[in-house]
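Heads up, the thing below is written out as structure tokens.
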């Protein structure tokens, strides 16, 4: 039997199967799709699912904890940059073609990277929220950068938008989708048809961004 790791129901019209880079199977289904309909699609596509799992697991090495060694890759805005450990850096960490990490900061390398990502996330997300706030006319009162691991964003009852710092590792169009998603929640509190219609107006291809996160979200970490 094929293992289903997650079923996500939205206002989409058809059932989609997504095999993530870690081999997990995500099913995106219409809200009114029955379990029988989902299992029917799974059974019909079982050979494809197994083949896809073997393909991704052999193509993409599974990510473990970062070792903070020379040549190791770190993501920023969807691009991977190699790490170079240097002596007598003017700052603990900077990005300029490579990530340059001062060897004196090596003992606290993870914290140094997290602090760097948090600073960049504040700048990038403030800029993208301001852009889409102006475009949509939706006013945002406050933005927070968090260390959340289980979600890509949230909108409080008072209209505060929160995003995890690790989101800044993703490509800008994917960041924009998350920003739009939470921005629309300021005026539409649930995932109704009106909510998705408003998301579609600002980003017609938002489904592609959702699928990118489904497939690649697990690599946005250190």
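Miscellaneous remarks
- Amide N of segment 179-222 lying under 18 Å from the label point, which is placed 7 angstrom from the Cα of residue 37 along Cα→Cβ: 192-193
- Tilt relative to the chain, helix 172-184 - C-alpha long axis, 0 to 90 degrees, to 10: 60 degrees
- Estimated distance in nm for a label pair at residue 146 and residue 90, the labels positioned 7 Å out from Cα along Cα-to-Cβ: 3.7 nm
- With a Förster radius of 41 Å applied to the beta-carbon distance between residue 160 and residue 4, the computed FRET efficiency rounds to 0.75.
- Extension gain, residue 50 back to residue 13 (0.36 nm per residue minus Cα-Cα distance, nm): 10.9 nm
- Computed E for residue 134/residue 189 - FRET, C-beta separation, R0 25 angstrom, nearest 0.05: 0.70
- Nearest-ten-degree value, helix 193-202 long axis tilted from longest Cα axis of the chain: 50 degrees
- For the chain, the alpha carbon convex hull comes to 134 Å³ per residue, rounded to a whole number.
- Structure-based [θ]222 nm, the chain - -39500 (n - 2.57) summed over DSSP H runs of at least 4, per residue, nearest 500: -12500 deg cm²/dmol
- Dividing the C-alpha radius of gyration of segment 109-219 by 2.2 N^0.38 Å, with N its residue count, gives 1.03.
- Per-pair calculated FRET efficiency, R0 = 22 Å: residue 69 and residue 118 via Cβ, rounded to 0.05: 0.45
- Going from the residue with the fewest nearby Cβ atoms within 10 Å to the one with the most, 126, 147 rank 147, 126.
- Extension reserve of the residue 97-residue 208 stretch, reckoned as 0.36 nm per residue once the Cα distance is removed: 37.1 nm
- Centre separation in Å (Cα based) which lies between segment 144-222 and segment 76-136: 21 Å
All of the numbers you see were taken from the coordinates with simple rules; none came from a lab. None of these values were measured; they are calculated from a predicted model. Backbone-built Cβ (ideal geometry, glycine too); neighbour counts: all protein chains shown.
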